[in-house]
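These notes are about the structure you will find just below.
The values are calculated or read from the model by the stated rules, or taken from the named source; none is laboratory data. Owing to the predicted nature of the structure, the values given are computational and were not obtained by experimental measurement. All Cβ positions, even for glycine, are placed from backbone atoms using ideal geometry, and neighbour counts span all protein chains on display. Areas reflect the complete protein model, heavy atoms only, side chains present, ligands, DNA and RNA absent. Shrake-Rupley method; radii C 1.70, N 1.55, O 1.52, S 1.80 Å.
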Amino acid sequence: MQRRQYLRACLGVGTTAAVATAGCTDLVETQQVDSTPPILEDRPERVYYPTHVDGMEMAGMARSENDEYAVAVTYTYPHRFWRVDSTTESVEDATLHDVDGSKDVHLMALVWDPETERVLPETGVTIDIAKGGDPLDEQVIYPMLSPRMGFHYGANFRLDSDGDYEVTVSVGAPNIRRTGDYRDRFEEPSSASVEFPFSTETRDNLPVERTADRAGEAAVPPVMDMDMPLGVSPDPATLPGNHHGTAESGDARFEVLTLDSPPAGIEGGDTGYLAVLARTRHNDLVLPAMALSATVDRDGESVFDGRLGRTFDSDLGYHFGAAVDARAGDDLTLSVDTHPQVARHEGYETAFLQLPDAELGL
């Protein structure tokens, strides 16, 4: 399925362009954008409103050859973003991919299950770009998090002037535990291709909004309105089990649920199940790819102390879980052993790096 719709949505970060817009809030009709605004001085060590937000163009959607995955390809101006790994303790330790004029677009891929419309949070994604049948570029693109798109895959690319392009998205099998109806799904890699015309004029007419009056606030722009699933964490009230509330750690929120028995595919028999959905404070976006541990204390004694496994379940979606006989009245402590291993767009690069323990009474 190909879509040529123009998305008047805003993401975060832009480059040189003459912009004519109609639709993004607070965007002027014509605006000359000379350069990407400088990185905010004295950035807070939390989520913050970015210095600017950009529009985005849809390249197309497609189903994978094995029909297991749905993908969408979009692009915008080249973006700066920060890569983090397990050793990153502050934004100064992160690897900055800055906007230096050497790239033409920031290309993004979203991958989801076409049956349940849940975004696949942990898999490898490779982009192959061809023009006129001739290979142009190939990259393993980065898993990343942005305030308006949530979890996706992206990188900056150099194109070969205006023309018709073919982008092939290769999706690997998720490298996390799959349960419920997902047990026998997503076992093999596959690919999907979209074709789209690119012109610098179209790109340069994407809307850009400078946000100097809000940059640095403890807030984010709203999630985009897009005709595809985004990595928004589901409302716990819509999920099975008992919702015990929210444990807070910095800008991370942990929604805690218990089930009478583990999802199919997890050993435990009649033992209960503890499930934790990690999300952002703003926009309720999924926070994936972290190491999360839990302790459950009852009457002053520990009844569980261990790692919660990263799990993709057909009922609960992406979560962290373990077979635990947790009961009302127990005390739960959640510890982030490794922060989310995803690259961050502006507004998220200083957040989710040092997350203190979160506590909750069940």
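Return the total of residues in segment 184-211 being of a type in the set (Lys, Arg) and within 17 Å of Pro121 (Cβ to Cβ).
Summing the residues that are of a type in the set (Lys, Arg) and within 17 Å of Pro121 (Cβ to Cβ) in segment 184-211 gives 1.
Counting only residues that are touching a Pro at 6+ places or on another chain (Cβ under 9 Å) and hydrophobic (A, V, I, L, M, F, W, C), which one in segment 247-260 is most open to solvent (accessible area, probe 1.4 Å)?
By that ranking, first place goes to Leu259.
Conditions: (1) in contact with a strand residue (DSSP E or B) (Cβ under 9 Å, 6 or more places away or on another chain); (2) open to solvent by 10 Å² or more (accessible area, probe 1.4 Å); (3) part of a loop (DSSP other than H, G, I, E, B). Thr202 meets all but one. Number of the miss?
It is condition (3) that Thr202 fails.
For (1) under 20 Å from the mean Cα position of the chain (by Cα); (2) more than 20 Å from Val105 (Cα to Cα); (3) of a type outside the set (Ser, Thr, Tyr), each residue gets a yes or a no:
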residue	(1), (2), (3)
Gly163	no, no, yes
Val169	yes, no, yes
Ala173	yes, yes, yes
Asp181	no, yes, yes
Arg185	no, yes, yes
Ser190	no, yes, no
Thr200	no, no, no
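Which of the residues belonging to segment 273-293 are more than 23 Å from Arg148 (Cα to Cα) and surrounded by fewer than 19 Cβ atoms within 10 Å (Cβ to Cβ)?
Ala291, Ser293, listed by residue number.
Could you say which residue among Tyr69, Tyr77, Tyr48 is within 26 Å of Phe196 (Cα to Cα) and at pLDDT 95 or above?
Tyr69
With respect to the numbered conditions (1) on the phi < 0 side of the Ramachandran plot; (2) surrounded by fewer than 16 Cβ atoms within 10 Å (Cβ to Cβ); (3) part of a strand (DSSP E or B), which one is the sole condition not fulfilled by Ala264?
(3)
Please enumerate the residues belonging to segment 54-93 that are more than 20 Å from Thr350 (Cα to Cα), of a type in the set (Ser, Thr, Tyr) and in contact with a helix residue (DSSP H, G or I) (Cβ under 9 Å, 6 or more places away or on another chain).
Tyr75, Thr76, Tyr77, listed by residue number.
How many of the residues in segment 140-170 are within 28 Å of Val220 (Cβ to Cβ), polar (S, T, N, Q) and modelled with pLDDT under 95?
Here the count works out to 1.
Out of segment 211-246, which residues are part of a loop (DSSP other than H, G, I, E, B), aliphatic (A, V, I, L, M), open to solvent by 50 Å² or more (accessible area, probe 1.4 Å) and within 29 Å of Leu332 (Cβ to Cβ)?
Within segment 211-246, Ala218 is the sole residue that qualifies.
Could you identify the single residue in Val296, Val336, Val303 that is of a type in the set (Val, Ile, Thr), closer than 26 Å to Phe151 by Cβ and either free of Cβ contacts under 8 Å to residues at least 24 places away in the same chain or in a strand (DSSP E or B) (or both)?
That would be Val336, the only listed residue that is of a type in the set (Val, Ile, Thr), closer than 26 Å to Phe151 by Cβ and either free of Cβ contacts under 8 Å to residues at least 24 places away in the same chain or in a strand (DSSP E or B) (or both).
Output the residues belonging to segment 318-362 that are surrounded by 21 or more Cβ atoms within 10 Å (Cβ to Cβ) and on the phi > 0 side of the Ramachandran plot.
Gly347, Phe352
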